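The structure appears below as structure tokens.
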Amino acid sequence: MFVSPRLALVTGLGVLPLVALTAAGLPVWAVLTGWLVLCSVLLAVDVTAAASARTITVTRRVPARGRMGEPVETSIALHNHGSRTLHAVVRDGWQPTAGASAERLRVLVPAGERRRVSVPLLPRRRGELASEFVFVRSRGPLGLGGKQARHEVRGALRVLPAFVSRKHLPSRLARLRELDGNTSIQVRGQGTEFDSLRDYVRGDDVRSIDWRATARAGTTMLRTWRPERDRHVVILIDTGRTSAARVGDGTRLEAALESALLLGALATRAGDHVHLLLYDRAVRARVTGIDGTALLPAMTDAMATVHARLVDTDWSGAFAAIRTLTTRPSLVVVLTAQDAAESARGFLGAFPTPSRATTVLVGSVTDESVEKLAQQRGSREEIYLAAAAERTLRDAENVTDAIRRAGGEAIAADPEALPPRIADRYLELKAAGRL
């Protein structure tokens with residue numbers, strides 16, 4: 001059973017008869033005892049009259065997946081098998097990051113009938129969210145107390161990444177269609193395939209003349225070339241300790257996931273094969289061998305339960321794992337946070353040797369607050385902070401220069417700008433025939 005706050009209010013009202021009857025000459029203890037006995041009798045009657053909270057069946061309706069930051073509709077159904085009307089107060093046991101309302105749900109279930117109540121969620125964190133129980137309280141007609149029971153009905157929801165950067169996808173797809181339809185590469189080169197034939201124009205490369213088509217057409221015909229549509233894009237996301245640092249409203253890992261999703265959605269539309277690897281000292285998630293419309297759901301599902309770990313990343317193992325995914329010419333995109341020379345030694349030591357057919361692109365998330373600190377000079381404390389910020393920025397530039405000397409390309413931007421910048425660089429490589 002349970003006791004409601006209304007019982008305390010009713011008990012407190014006993015002050016009025018206590019004062020009145022005490023003034024009439026009755027003993028205080030007698031009046032007080034009588035009033036407490038009356039309240040106890042009312043409570044017992046109320047609890048007895050309440051419908052049983054155990055003679056009901058509780059079922060859930062929870063979608064398998066939802067997206068972080070977006071509303072998710074769940075519901076609970078109560079089937080009253082008793083002979084009395086159930087005045088229920090329901091509490092669903094979701095964890096706080098699920099975003100369930102703190103208010104208790106009130107529902108009236110007549111005898112032998114079923115009622116369903118909605119439990120809207122607004123997830124604030126990726127991963128597996130679960131509710132192990134539903135707590136039901138059955139109020140009596142007076143509202144002084146009632147019966148309660150805990151029903152073990154598990155509900156689970158997998159929260160996927162928000163994919164806020166999908167707003168940049170339509171404009172990049174438009175550029176991709178323009179690139180694919182209107183800008184064929186006019187010279188034979190690495191990473192190109194035959195597109196179509198056209199008339200020869202003075203200044204064209206004579207090595208691309210198709211002599212068989214020329215003989216059939218009676219005029220000089222030229223082959224045109226376009227970027228290959230079956231190249232490989234390997235995305236490596238660092239899940240080590242540097243990815244746990246907070247930048248803006250999220251972590252560096254969240255920004256890396258956004259960049260990977262945007263690039264994966266763009267590359268699969270371009271006809272390329274996309275491989276995803278999340279790694280620190282072991283493989284935390286892997287997506288490979290999936291193309292077309294099934295790629296994006298597979299990537300988000302793999303990312304959902306992966307969080308940053310407070311360990312140093314084994315870069316030798318990470319780049320070795322990349323080589324197990326594909327041995328063909330590819331674009332390797334490494335999403336990490338290498339902004340200190342000391343912590344970047346392992347990364348630079350294991351950095352793969354790029355070739356003409358393979359391009360290595362390193363994307364890093366920067367913190368705008370560091371740049372703002374570097375510009376402040378208002379007080380002595382701000383000057384010291386500015387000096388530390390300048391040192392941080394210089395270290396990041398040194399690491400960037402080291403990546404370029406090793407043959408890679410480096411892109412550093414804030415969490416909002418990094419995904420579209422990586423997508424733009426991918427399109428530039430496509431247009432240049434390097435991918």
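Each value in this text was obtained by applying a stated rule to the coordinates, not by laboratory testing. This is a predicted model, so every value here is computed, not measured. Cβ atoms come from the backbone with ideal geometry, glycine included; neighbour counts cover every protein chain shown.
Data overview
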read-out: Total formal charge among the other residues, if their Cβ is under 11 angstrom from that of residue 383, Lys/Arg +1 and Asp/Glu -1; value: -1
read-out: By average C-beta atoms within 10 angstrom, highest first, the peptides 264-276, 299-311; value: 264-276, 299-311
read-out: 222 nm mean residue ellipticity, helices alone, for the chain (DSSP H n ≥ 4; -39,500 (n - 2.57); rounded to 500); value: -11000 deg cm²/dmol
read-out: Calculated P(r) tail over 12 Å for region 261-324, as whole % of Cα pairs; value: 68 percent
read-out: Centre separation in Å (Cα based) which lies between region 58-87 and region 399-426; value: 46 Å
read-out: Förster radius 41 Å - calculated FRET efficiency between residue 118 and residue 48 (Cβ-Cβ, nearest 0.05); value: 0.85
read-out: Calculated FRET value between residue 215 and residue 167, using beta carbons and R₀ = 45 Å, to 0.05; value: 0.30
read-out: From phi via Karplus (6.51, -1.76, 1.60), per-residue ³J(HN,Hα) for region 289-302 in Hz, x at Gly/Pro; value: x, 10, 10, x, 5, 7, 5, 4, x, 5, 5, 5, 5, 6
read-out: Alpha-carbon gyration tensor eigenvalues x 5, square-rooted, for region 1-127, Å; value: 43, 20, 9
read-out: Eligible lysines near residue 167 by straight Cα distance, threshold 29 Å, same-chain separation 8 or greater; value: 372, 430
read-out: Estimated inter-spin distance, residue 95 and residue 15, nm [label 7 Å along Cα→Cβ]; value: 4.5 nm
read-out: Kirkwood Rh, angstrom, region 288-435 [1 / mean 1/r, Cα pairs]; value: 17.5 Å
read-out: Under-5 Å amide H pairs with residue 362, H placed in peptide plane, nonlocal only; value: 334, 409, 410, 411
read-out: Taking region 293-401 and dividing mean pair separation by its residue count, relative contact order in percent (alpha carbons under 8 Å, at least six apart); value: 28 percent
read-out: Per-residue ³J(HN,Hα) for region 198-212, Karplus 6.51 cos²θ - 1.76 cosθ + 1.60, θ = phi - 60°, Hz, x for Gly and Pro; value: 8, 5, 5, 10, 4, x, 6, 6, 5, 5, 8, 5, 9, 6, 5
read-out: Extended-chain gain in nm, criterion 0.36 nm per residue less alpha-carbon gap, residue 311 and residue 375; value: 19.8 nm
read-out: Derived scalar couplings ³J(HN,Hα) [region 165-178; Karplus, 6.51 cos²θ - 1.76 cosθ + 1.60; whole Hz; x for Gly, Pro]; value: 6, 5, 5, 8, 5, x, 5, 6, 5, 5, 5, 5, 5, 5
read-out: Rg(Cα)/(2.2 N^0.38 Å) for the chain, N = residue count; value: 1.51
